[in-house]
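Comments concern the structure below.
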Amino acid sequence: MAALAALLVGTLNVAACSASPREPGTIVVASGTDLESANPLVTVHPMARQVQRHMLFVTLVRLDSLLQPVPYYAREWQWSNDRRTVTFALDRRLRWHDGTSTTAADVAFTLMKAADPGLGSPRRGDLDVVESVDTPNAHTVVVRFRSPQAKLPVIFAELPLVPKHVLDSVPVARWRSHAFATAPVGNGPFRFASRRAGRQWRFVRNADFPEAMGGPPKSQQLVVAVVDEAATKFAGLVSGDLDVAGVSPTMAQLVRADQSLRLMSPAVLFSTVLAYNTTRSPFNDPRVRRALSLAVQRQRLVQAAVAGFATPATSALPPGLPVTPPEDSTTDIVRRAHEADTLLDAAGWRRPSPSATRVRNGQPLALTLLTVGSGDMAVEQLLQADFAARGIALDIRVMELAGFLATIRQPDKQFDVVLTGVPGDIALGHLSALFDSRQRGGALDYTGFHTPALDAALAAARGSDAVGARMAWARVDSILQHDMPVAWLYHARGIQGRSARLQNVVMDLRGELVSVSQWTRRQDP
């Protein structure tokens, strides 16, 4: 606890091993890693995206609890008769935190840059439906689409706006390293106040946030503390040093048993996957990729590794969305093992004896799994055992996060397979970021897998209307299941511990911080 207290000293007045009185109105949220970047057009870091969307910046519209668009920066909008053009009327009082007015020019700039191939934004594919953006005046934006739209695309509720006057002169090649990434100018309900690299970010109440958009937050400041150890997070919750923290599945029951804490397990858009390097052998063969996916006992993985706080993945589409197919609960472990063996045999990887490692042309089927470590390494060890049962030798290599990301994002990929999490979004834009050829080399291009058939299916799904969306996304899912560039292991549920003192907390598919502006913290009696 001394380490956690030392981390927060100076902001919260927390003493070494006890929850000393903190500055009133302060809320502390734990993040397992440092926020990758404050720039919403380039980051895929889950907590960073939550901070950007719900605290630091604003989006054009918001989603209500039924995932329907409601006014936010856009106070109203009107469709043309042909449903190809929508006109947004913007709030006139919103300002950037440096005092500059937020205007239609910022909206157009954000949409233009997010679609810029040179930036490689993970949301680029979501904007394929947009043909043009016009700004007839400072408070009106007119968006024209390439085809009629049955509903407002979800990207307008998920893409935070960025300040044109700050970033317009910065070449897109420098956006990831620019000072804006660590000292941002926002326009949301919280202002950026300070950052201690690898330790904490501090945000303070924006007293000027327009009432029509929700008004200023109820708390005075929010600190995102970087706490990577599961035991330290739990201890911080118990002591009162932390108000919200993701907890490990093994500690969920401890949180439930503590009367000072509450356990929240919201649906989240986050999937754990095996991403194959499809650019080299043996993973340039889809038979090998499918075999490894079939070898994984997902039900056992979910129960043993995450204590049931996940859904075994039978689809690339996460549960809870309108286009998600019904869950397939049938699991025939023997049949799947037989199919895996048949595929590996057909690919030329055969076992000299029933207990031996498979070989082809004298070379063993020996792979290296890159990972940043899943706590007690239960996931990695279970995968190792599942693969060994099919004659595949798996070596586990644990890497530090920055080196891990740099390795898997390299255009010239030099790894075999990685265990990683993929943050999703309601618009399913993460699937385009992973596989669309136009986003080759982007932040989520882990596998190097791109095909014309998948490009066409993704484009059709992004442009589909409400009636055809389920079928269109089913086509995308079918291709991914056949070609298997990624083995989807499980779709997570959130496991968040929070202080019972923290009030007005809502967590759902929109994110763990969706109600953060309404959070209040009761002080000790």
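Structural remarks
- Cα-based shape type of region 156-288, given that a ≥ b ≥ c are square roots of the gyration tensor eigenvalues and the cut on a/c is 1.5: oblate
- Listed residues Pro452, Thr279, Pro266: farthest to the positive end of the dipole of the chain (Cβ charges): Pro266
- Segments 235-242, 161-168 sorted - mean Cβ within 10 Å per residue, highest first: 235-242, 161-168
- Peptides 49-56, 437-444, ordered by how many other C-beta atoms sit within 10 Å of their residues on average, highest first, read 49-56, 437-444.
- Estimated inter-spin distance, Glu339 and Arg351, nm [label 7 Å along Cα→Cβ]: 1.9 nm
- Of the residues Leu344, His430, Leu405, the one whose Cα sits farthest towards the positive end of the charge dipole of region 329-488 is Leu344 (charges of +1 on Lys and Arg Cβ, -1 on Asp and Glu Cβ, taken about the Cα centre).
- From the alpha carbon centroid of region 355-393 to that of region 244-301 is 17 Å.
- Part-to-part distance (alpha-carbon centres) for region 424-500 and region 59-134, which is given in Å: 22 Å
- Normalising the Debye intensity of region 417-523 to I(0), with uniform scatterers on Cα atoms only, and taking log10 at q = 0.23 Å⁻¹ returns -1.27.
- Solvent-accessible surface of the chain, taken per residue with a 1.4 Å probe and all protein chains present: 40 Å².
- Lysines whose Cα lies under 25 Å from that of Lys151, excluding same-chain neighbours fewer than 8 positions away: Lys113
- Label-point gap, in nm, between Thr368 and Gln259 - each point 7 angstrom along Cα→Cβ: 5.4 nm
- Relative contact order for the chain: 21 percent, from Cα pairs under 8 Å spaced at least 6 residues apart, divided by residue count.
- Neighbourhood charge, 12 Å Cβ-Cβ cut-off, centred on Met55 and excluding it, Lys, Arg +1 and Asp, Glu -1: +4
- What a 1.4 Å probe finds exposed on the chain is 52% carbon and sulfur by accessible area, rounded to a whole percent.
The values are calculated or read from the model by the stated rules, or taken from the named source; none is laboratory data. What you are looking at is a predicted structure, and each value in this text was computed from that prediction instead of being measured. Cβ atoms come from the backbone with ideal geometry, glycine included; neighbour counts cover every protein chain shown. When the accessible area is computed, the model is the full protein with side chains, heavy atoms only, and any ligands, DNA or RNA have been set aside. Shrake-Rupley method; radii C 1.70, N 1.55, O 1.52, S 1.80 Å.
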